[in-house]
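Shown next, in structure tokens, is the structure this report addresses.
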Amino acid sequence: MSADNILEGLPSFEPGWVWLAGAGPGEVGLLTLLALRGLSQADVIVYDALVDQSILSLARPGAVLEFAGKRGGKPSAKQADISLRLIRHSRDGKRVLRLKGGDPFVFGRGGEEALSLVEAGVPFRVVPGISSGIGGLAYAGIPITHRDCNSAVTFVTGHDAAGEVPNAVDWHAISKGSPVVVIYMALKHIALISERLLSAGRRPDEPVAVVSRATVQGQRVLETDLLNVAAQVAEQDIEPPAIVVVGEVVRLRAALDWLGAIEGRQLLADPLGRSCHRQTGSE
């Protein structure tokens with residue numbers, strides 16, 4: 001079966017419907033087939049700041065592209081206005097693709113928008129995407145799980161609706177119970193977040209990686225430790241969007257940095273030397 005036939009066999013995008021779709025972490029090749037189907041049929045595409053231009057270039061000729069991005073510290077569309085825009089376009093009989101970076105239901109406000117559609121009686125479909133906390137770290141050569149290191153991982157946001165470090169997060173419980181912590185939108189408050197993790201008992205020398213512009217041109221990876229991560233982020237001028245991972249799995253990058261290997265990096269066969277479990281102070 002050809003690629004065209006595969007797309008033709010997918011659900012059709014009906015007028016008046018909204019598709020809440022994840023565009024993945026950025027690399028166009030990480031789009032799902034169903035997201036590509038949506039791009040090829042949508043009349044209106046309401047997209048976020050983290051959607052790469054290479055993905056938008058796949059839109060159907062004649063489709064209307066509307067920016068609805070949210071960036072910390074910059075003028076941003078209000079969430080209520082975005083939801084109303086989706087409802088208005090759908091009621092005009094348009095096929096509306098709401099395109100979000102990563103996955104719409106992973107710190108992407110997709111749930112809020114879907115609830116608004118339900119309240120308005122608008123039919124919708126959810127199209128999951130690859131979250132940056134998984135795909136972005138994979139492109140950095142960091143697996144979020146490894147059976148010699150961890151059997152649990154925690155995903156947490158670095159700021160709440162007010163833009164502050166979320167007080168509802170139990171940093172002590174996370175520090176004690178999760179060998180690996182993946183933090184979204186953390187750079188603005190990285191000093192306070194690292195301080196809270198250290199206060200909760202994480203080791204100062206615990207490995208940390210910060211992956212900026214994951215999967216797209218200009219990807220940067222900072223490898224450091226929990227004590228020095230804030231200073232290193234500032235010193236090396238690491239900018240968002242970025243994903244932060246704390247835990248011994250970061251050490252595996254020495255063996256699994258496959259993008260670095262393409263550029264000539266010598267990979268190590270045994271970067272851990274011994275079990276992660278014996279190295280992780282939080283266990």
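State, as an integer percentage, the relative contact order of the stretch 3-130 based on alpha-carbon contacts under 8 Å between residues 6 or more apart.
On the way: 249 pairs, mean separation 51.0, N = 128.
40 percent.
When the convex hull of the Cα atoms of the chain is projected onto a plane and the area is averaged over all directions, what value comes out in nm²? Kindly include the intermediate steps, with their values, before the conclusion.
Numbers: hull surface 65.6 nm².
For the chain, the mean projected area of the Cα convex hull comes to 16.4 nm².
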Fill in the blank from the handout: DSSP beta bridges in the chain: the antiparallel percent, rounded to 5, is 45
Practice task
Compute from the Cα atoms of the stretch 100-201 the Rg and the Dmax, the latter being the longest Cα-Cα distance, and quote both in angstrom.
Solution key: 15.9, 48
Exercise for the section: In nm, give the distance between the simple-model label positions of Ala231 and Arg265, each being 7 Å from the Cα along the Cα-to-Cβ direction. Expected result: 2.4
Completion exercise
Kirkwood Rh over alpha-carbon pairs of the stretch 3-130 plugged into Stokes-Einstein at 20 °C, 1.002 mPa s gives a D in µm²/s of 149
Problem - About the Cα centre, charge dipole magnitude for the stretch 95-196 (Lys/Arg +1, Asp/Glu -1 at Cβ), debye - result: 300
Exercise for the section: Report the local net charge at Val18: Lys and Arg +1, Asp and Glu -1, summed over other residues whose C-beta lies under 10 Å from its C-beta. Expected result: +3
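Give me the percent relative contact order of the stretch 133-279, please, defined on Cα pairs under 8 angstrom at least 6 residues apart.
Numbers: 266 pairs, mean separation 43.5, N = 147.
Value for the stretch 133-279: 30 percent.
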Practice task
For Arg203 paired with Leu58, estimate the spin-label separation in nm (one decimal), with each label point 7 Å from Cα along the Cα-to-Cβ line.
Solution key: 4.2
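Can you pull the percent of Cα pairs in the stretch 133-279 with separation above 22 Å? It would help to have the intermediate numbers written out before the result.
Details: 3770 of 10731 pairs.
Summing the P(r) tail past 22 Å for the stretch 133-279 gives 35 percent.
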Exercise for the section: With θ set to phi - 60°, apply the Karplus curve 6.51 cos²θ - 1.76 cosθ + 1.60 along the stretch 159-166 and write out the HN-Hα couplings as whole Hz, x wherever there is a Gly or Pro. Expected result: 8, 9, 4, 8, x, 9, 4, x
Exercise for the section: Would you please give the residues with an amide H less than 5 Å from that of Trp19, counting only those at least 5 places away or on a separate chain, with H modeled from the backbone geometry? Expected result: Val96, Leu97, Arg98, Arg125
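Just to confirm a number: summing +1 for Lys and Arg and -1 for Asp and Glu over residues other than Ile130 whose beta-carbon lies under 11 angstrom from that of Ile130, what do you get? Don't skip to the answer; put the middle values down first.
Details: positive: none; negative: Glu27, Asp103.
In short, -2.
Each value in this text was obtained by applying a stated rule to the coordinates, not by laboratory testing. Just so we're clear, the structure is a prediction, and the values are computed from it rather than from any experiment. Using ideal geometry, Cβ is built from the backbone for each residue, glycine included, and neighbour counts are taken over all protein chains shown.
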